[in-house]
Amino acid sequence: MARICGATATALIACAPLAGSEAAARPSGVAAAPASASARRDPYDGDREAVGAGRKLYGAQCARCHGERGQGIGNAPSLLSEQVRHASPGALFWFLTNGDLRRGMPAWSRLSEPRRWQVVAYLRSLDETTK
């Protein structure tokens with residue numbers, strides 16, 4: 001199926017199908033997380049140390065594409081978007097684990113589960129720090 005994916009419609013944002021193709025596009029990015037993954041609870045919810053550890057991991061692994069404060073660089077989407085800000089912790093964790101190579105997002109499953117949850121804790125803190 002052909003899709004239109006502009007510079008702003010990247011890894012965390014679903015792409016729309018071209019006219020004349022399938023009526024409904026499959027969800028992509030965080031929206032593609034299965035319900036079972038979306039329902040997972042963040043074991044570090046409210047843990048300031050986890051946010052700090054996640055900030056360090058983000059700086060080392062994510063900032064070169066998504067920017068120091070999650071604003072996005074080039075084709076990498078902003079992590080301050082409504083879709084990301086309103087995603088459940090479980091959906092964010094699922095997306096970090098699985099990625100979407102077609103849209104340039106690597107899978108981070110090689111990071112330990114606690115470290116991936118720390119990145120999720122940091123991503124969720126971005127919403128609080130940008131208000």
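Bear in mind that the values in this text are calculations on the coordinates, not laboratory data. As the structure is a prediction and not an experimental result, all values here were calculated from the model. Here Cβ is always computed from backbone atoms with ideal geometry, including for glycine, and neighbour counts include all displayed protein chains.
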**Message:** Under a crude label model (7 Å from the Cα following the beta-carbon direction), how far is Ala32 from Asn98 in nanometres?
**Reply:** 0.7 nm
**Asked** For the pair Ala107 and Lys56, what calculated FRET efficiency results from E = 1/(1 + (r/R0)^6), where r is the Cβ-Cβ distance and R0 = 22 Å, to the nearest 0.05?
**Response** 0.60
